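Read the structure below first, then the notes.
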Amino acid sequence: MSPEGETRFSLRFLRGTCPFAYEHERWFAGVCRLDAGDAIVAVDERDVLVYEVLGARRFEIAITLTEAAARRVQAARVSLVEVPVVVSLDGAPLYAAREYARIGAAAIRFPVIHLDRIEEGVLRVRPSLVPSNDMSLIDRPELRALFHSLGRLRLSGT
């Protein structure tokens, strides 16, 4: 949290729809037009126990949530199918993602969030659905710095 007590990081599953896109630039523009305040469910840094960057073979970020946050996401899960997601820091959107099944057929080339491990309290963020080892869109230095300062950053296989 910031010195003023406000949260810095947010990951919001949004209401509303965006025109389907395969590339991040178009998806990001569409998601940014939605009302970020109208979230189905959101998590912030207070809800994150571990922010783990998995490189080398996995190429994903695993966000382990507190028990309370995991319950909130689980309770909303039915409403989260393929919804737009925005990840922000200090109120500025960093990237847009989409909730999507772990095994999907779309050639989406922008970040996806999987809920396949939410029962364990884990959100998984991948750079895209197509095989990619380019983590630059989701593995942001400013997010690493925040979670490092909170003692919650874990680097595995990077």
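Whether any residue in the stretch 60-82 is modelled with pLDDT of 95 or more, in a loop (DSSP other than H, G, I, E, B) and in contact with a Phe, Trp or Tyr (Cβ under 7 Å, 6 or more places away or on another chain) is what I want to check. Looking for residues that are modelled with pLDDT of 95 or more, in a loop (DSSP other than H, G, I, E, B) and in contact with a Phe, Trp or Tyr (Cβ under 7 Å, 6 or more places away or on another chain), one finds at least one in the stretch 60-82, hence yes. When residue 52 is tested against (1) in contact with a strand residue (DSSP E or B) (Cβ under 8 Å, 6 or more places away or on another chain); (2) within 13 Å of residue 16 (Cα to Cα), just one condition goes unmet, and that condition is (2). Selection of the stretch 100-120 for residues being assigned to a loop (DSSP other than H, G, I, E, B) and surrounded by fewer than 19 Cβ atoms within 10 Å (Cβ to Cβ) yields 101, 102, 103, 104, 105, 106, 107, 116, 117. Looking only at the stretch 74-127, filter to residues that are touching a residue at least 60 places away in the same chain (Cβ under 8 Å) and aromatic (Phe, Trp, Tyr); which one of those is nearest to residue 154 (Cα to Cα)? Among them, the one singled out is 95.
Of 123, 94, all but one fail to be surrounded by 21 or more Cβ atoms within 10 Å (Cβ to Cβ), within 17 Å of residue 43 (Cβ to Cβ), in contact with a helix residue (DSSP H, G or I) (Cβ under 9 Å, 6 or more places away or on another chain) and not charged (D, E, K, R); the exception is 123. Considering only the stretch 122-129, I want to know if a residue exists there that is within 21 Å of residue 59 (Cβ to Cβ), modelled with pLDDT of 95 or more, of a type outside the set (A, V, I, L, M, F, W, C) and assigned to a helix (DSSP H, G or I). Looking through the stretch 122-129, none of the residues is within 21 Å of residue 59 (Cβ to Cβ), modelled with pLDDT of 95 or more, of a type outside the set (A, V, I, L, M, F, W, C) and assigned to a helix (DSSP H, G or I).
All conditions but one from (1) in contact with a Gly (Cβ under 9 Å, 6 or more places away or on another chain); (2) among the hydrophobic types (A, V, I, L, M, F, W, C); (3) over 20 Å from residue 132 (Cβ atoms); (4) at pLDDT below 95 apply to residue 21; the one that does not is (3).
The values are calculated or read from the model by the stated rules, or taken from the named source; none is laboratory data. What you are looking at is a predicted structure, and each value in this text was computed from that prediction instead of being measured. When we count neighbours, we look across all protein chains shown, and the Cβ atoms used for this are built from the backbone with ideal geometry, even at glycine.
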